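Input: a single structure, listed below in structure tokens.
The values are calculated or read from the model by the stated rules, or taken from the named source; none is laboratory data. Since this is a predicted model, take the numbers as computed values, not measurements. Methodologically, a virtual Cβ is constructed for each residue, glycine included, from the backbone with ideal geometry; neighbour enumeration extends over all protein chains shown. All accessible areas refer to the heavy atoms of the entire protein, side chains included, with ligands and DNA or RNA removed. Shrake-Rupley method; radii C 1.70, N 1.55, O 1.52, S 1.80 Å.
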Amino acid sequence: MASSYSTDLKLELMVTGENSGTWGDKTNTNLNLLQQSIVGYQSIALTSTNTTLAMTDATISDARNAVIKFTGTIAANTTVFVASGIEKTYIIENGTTGAFTLALNQVGGASVIWATTDKSVKQIYLNGTDAVDTGLVSATGVATLTNKTFTAPKYAD
């Protein structure tokens with residue numbers, strides 16, 4: 001029986017007794033893929049065309065990074081796609097310029113959308129079908145707070 005690959009991170013799952021003499025290299029590859037998933041950072045330049053992030057079996061891939069910063073000038077509403085079936089958490093910064101929306105979408109599911117002027121950082125998880133904004137509020141991002149109780153609020157101009 002041949003190796004298979006995990007659904008979410010595409011790690012190689014070796015069958016017992018398989019890959020004699022190469023299991024060390026394959027294990028090291030899996031450890032590097034785990035490292036990319038837990039602490040990996042990548043800046044990805046976008047254009048005004050939709051982009052698909054790759055998650056390739058047993059290979060360093062842009063969709064596997066834990067933290068992604070999208071950069072570049074967008075001149076139209078732009079969507080970044082991640083394949084359906086993957087369950088993963090991201091921290092994503094919209095560092096693009098241009099007054100257009102940016103969306104992260106799990107193919108066929110719901111999107112997380114940055115508004116035209118929203119250049120914030122969002123924590124997002126993919127549940128296999130949808131991209132979901134955790135609603136984590138950042139100190140620099142724009143947020144609408146509904147039904148919140150403030151204790152000794154301070155407002156700055």
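Pairs are defined by a Cβ separation below 6 Å, a sequence spacing of at least 6 or placement on different chains, a first member in segment 8-25 that is among the β-branched types (Val, Ile, Thr), and a second member that is open to solvent by 70 Å² or more (accessible area, probe 1.4 Å) and modelled with pLDDT under 85; the pairs so defined are VAL15/MET1.
What residue, of ASN19, ASN65, is surrounded by 15 or more Cβ atoms within 10 Å (Cβ to Cβ) and on the phi > 0 side of the Ramachandran plot? Only one candidate passes the filter, namely ASN19. Among the residues making up segment 96-142, a single one is within 15 Å of LEU46 (Cβ to Cβ), small (Gly, Ala, Ser), surrounded by 13 or more Cβ atoms within 10 Å (Cβ to Cβ) and over 14 Å from the mean Cα position of the chain (by Cα): GLY98.
Listed by first and then second residue, the pairs linking a residue in segment 44-60 that is at positive phi to a residue that is basic (Lys, Arg) and at pLDDT 90 or above, with Cβ atoms under 7 Å apart and 6 or more places separating them unless they lie on different chains, are ALA58/LYS10.
Condition check: over 17 Å from TYR5 (Cβ atoms), open to solvent by 60 Å² or more (accessible area, probe 1.4 Å) and polar (S, T, N, Q). Does THR56 satisfy that? Here the answer is no, as THR56 does not meet what is asked. The residues of segment 72-88 that are in a strand (DSSP E or B), more than 14 Å from the chain's Cα centre (by Cα) and surrounded by 14 or more Cβ atoms within 10 Å (Cβ to Cβ) amount to a single one, THR78.
LEU13 falls short on exactly one of the conditions (1) of a type in the set (A, V, I, L, M); (2) open to solvent by 70 Å² or more (accessible area, probe 1.4 Å); (3) within 20 Å of ASP130 (Cβ to Cβ), and that condition is (3). Can you find a residue in segment 27-37 that is at pLDDT 90 or above and under 20 Å from LEU104 (Cα atoms)? Within segment 27-37, one or more residues are at pLDDT 90 or above and under 20 Å from LEU104 (Cα atoms).
When PHE100, PHE150, PHE70, PHE81 are checked against the criterion of being farther than 24 Å from LYS10 by Cα, at pLDDT 95 or above and out of contact with any Cys (no Cβ under 8 Å at 6 or more places or on another chain), a single residue qualifies: PHE100. Scanning segment 32-50 for residues that are closer than 11 Å to ILE68 by Cβ and open to solvent by less than 40 Å² (accessible area, probe 1.4 Å) returns GLY40, ILE44, LEU46.
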